[in-house]
Amino acid sequence: MTSDYPESDDWCVKDNPNKVTIEHFKQAIQQAELCAPEPGRAKHEVPKVGAVIVKDGQPLEIAHRNEVGSGDHAEYIALARTGDDDRRFVGTDLIITLEPCTAGRHGIQKKPCVEWIKSHNIRKVWSDTP
Ligand SMILES: [Zn+2]
């Protein structure tokens, strides 16, 4: 079994201009652990999801599901926190503990997370399930 996680800083020299490291993955997992239960949903029905947006080795935003409103997705919260036209995220990398949604409308999000990611010109999405 192989893993896409960077084992060290040397791992991703080839395609890692934003200097993503295992520490960013750990931050995303730590965020996921902060997810609160959602009213009306069983605990096992609510995924724990954390997101970290990285540029040049630094996290620009971190977020977790339900951080703002019940059911809000982590990557949406991270991207929309400062407005949907924020240009800080162009060319950044997003680490997310669950693949971004591709369909549907989610409360105030109004569009799937994949569309938010595309509209912010995120360079690369690193995703896995904790
Ligand atoms: Zn989503």
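Bear in mind that the values in this text are calculations on the coordinates, not laboratory data. Computed from a predicted model, the values in this text were never measured in an experiment. So basically every Cβ, Gly included, is an ideal-geometry build from the backbone, and we count neighbours across all protein chains shown.
Applying a threshold of 6 Å to beta carbon distances and a minimum spacing of six or more residues, or different chains, the list of pairs starting in the range 72-95 at a residue that is of a type in the set (Val, Ile, Thr) and ending at one that is assigned to a loop (DSSP other than H, G, I, E, B) and within 16 Å of the ligand (Cβ to nearest atom) reads ILE77/GLU67; ILE77/VAL68; THR92/ILE122. Please go through the range 28-75 and give me each residue that is in contact with a strand residue (DSSP E or B) (Cβ under 9 Å, 6 or more places away or on another chain) and basic (Lys, Arg), ordered by number. Result: LYS48, LYS55, ARG65. In summary, ILE117 fulfils each of the numbered conditions (1) in contact with a Phe, Trp or Tyr (Cβ under 8 Å, 6 or more places away or on another chain); (2) within 15 Å of the ligand (Cβ to nearest atom); (3) not charged (D, E, K, R) with the single exception of condition (1).
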